[in-house]
Amino acid sequence: MIDSTYVAELGSFAEPGALMAELFRRFPGRAAIGTSGQLSGCALIDMAVKAGVQPRVFTIDTRRLFPETYRLFEELEKRYGIRIERIAPEQKELDPMIRDHGEYLFFDTKAKQELCCRVRKVLPNERALDSLDVWITGLRADQSRSRANVRRLEIISHGPAGRERPVLKVAPLAAWTEEKVRAYLKEHNVPVHKLLTGELLGGWHYESLGCILCTTPISPYEPRRAGRWRWFNSHEDDKKECGLHLPPPKP
């Protein structure tokens, strides 16, 4: 049962691998790692396998990911003997959005960018959660100011109004730094996204990856998520999210 008592018990599992082993044992088939191919997600898969479990893993395939992202998923599947479930937006949701706002609506306004992300990412993620009791994510506090207070263990509500149920959202690496994650990946020779492994001319590099049209490299002087939806950048706000990790809107 997912309640505050069980969450408190999970606090005794300090190591990410041990924590995930407990969750996959307790919720067989109903716990999964959600990954978009970022560094933390790759580390979590490796940790789970090393902890003795064959993790369920899913990704949201917006149909606009980098070619390198798809190649990484294939490499992870081959390396760990897993199948990464690809959950894509439904055509019945894409068609009216594109008909009403165009193929590249995300360039127009912040509201239209959020609509595109909702259709291509949030709604598919909600479908993924329909089959889950435990959602394991790669969120870390050092990823942005808006994620500084990310919780390692959190009970969220999922489902239509009146039929909500608890889902345990877990961020095993919440307190890890990127340096620590990279050190783990290197030490254990974990496959990582090719765009996250090197610098471009002038020190430009990729830090956070999403859809291919909405992601650019960042300079050495920019915050981590400056490359996401760059046309909405400002000096005051780095709270740029696709909506997956924001609380649901109030009815």
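Hey, what do the phi angles of the stretch 155-161 turn into as Karplus ³J(HN,Hα) couplings, whole Hz, using 6.51/-1.76/1.60 and θ = phi - 60°, x for Gly and Pro?
3J(HN,Hα) across the stretch 155-161, in whole Hz: 8, 10, 9, 9, x, x, 3.
Using label points projected 7 Å from each Cα along Cα→Cβ, tell me how many nm separate residue 126 and residue 70, to one decimal.
In this crude label model, residue 126 to residue 70 measures out at 2.8 nm.
Taking 0.36 nm per intervening residue step and subtracting the Cα-Cα distance, what contour gain separates residue 188 from residue 78 on full extension?
38.0 nm
Would you mind working out the magnitude of the charge dipole of the stretch 66-176 relative to its Cα centre, with +1 at each Lys and Arg C-beta and -1 at each Asp and Glu C-beta, to the nearest 20 Debye?
With only Lys, Arg, Asp and Glu charged at Cβ, the dipole is about 360 debye.
Rounded to the nearest 500 deg cm²/dmol, what is the calculated helix-only ellipticity per residue at 222 nm for the chain, with -39500 (n - 2.57) per DSSP H run of length n ≥ 4?
Counting only the DSSP helices, I get -9500 deg cm²/dmol.
For the residues 186, 50, what sequence is obtained by ranking on other C-beta atoms within 10 Å, fewest first?
Final ranking by Cβ density, sparse to dense: 186, 50.
With both partners inside the chain, how many of the DSSP beta bridges are antiparallel, as a percent to the nearest 5?
Antiparallel bridges make up about 45 percent of those DSSP assigns within the chain.
Once the other residues with Cβ under 9 Å from the Cβ of residue 166 are scored (Lys, Arg +1; Asp, Glu -1), what is the net sum?
-2
Which FRET efficiency, nearest 0.05, do residue 146 and residue 26 yield, Cβ-Cβ r, R0 35 Å?
Plugging the Cβ-Cβ distance into 1/(1 + (r/R0)^6) gives 0.70.
Report the gain in length on full extension from residue 178 to residue 219: 0.36 nm times residue separation, minus Cα-Cα distance, nm rounded to one decimal.
13.0 nm
Could you work out how much longer the chain between residue 155 and residue 63 gets when fully extended? Use 0.36 nm per residue separation minus the Cα distance between them, nm to one decimal.
Full extension from residue 155 to residue 63 adds 30.1 nm.
Among the GluC sites (Glu not before Pro) in the stretch 44-97, which ones are in a DSSP loop with at most 15 other Cβ atoms within 10 Å of the Cβ? Mind listing them?
Listed in order of number, the matching sites are 90.
Counting Lys +1, Arg +1, Asp -1, Glu -1, what net charge surrounds residue 209 among other residues with beta carbon under 9 Å of its beta carbon?
Net charge in that neighbourhood comes out at -1.
For residue 208, list long-range residues whose amide hydrogen, built 1.01 Å from N in the peptide plane, is under 5 Å from its own amide hydrogen.
none
Under 5 Å between amide H atoms, partner at least 5 residues away or on a different chain: which partners does residue 58 have, H built in plane at 1.01 Å?
Amide H neighbours of residue 58, under 5 Å, 5+ apart: 33, 34, 35, 85.
Coordinate-derived values only; no laboratory data. All values derive from a computational prediction rather than experimental measurement. Heads up, the Cβs are rebuilt from the backbone with ideal geometry, glycines too, and the neighbour counts pull from every protein chain shown.
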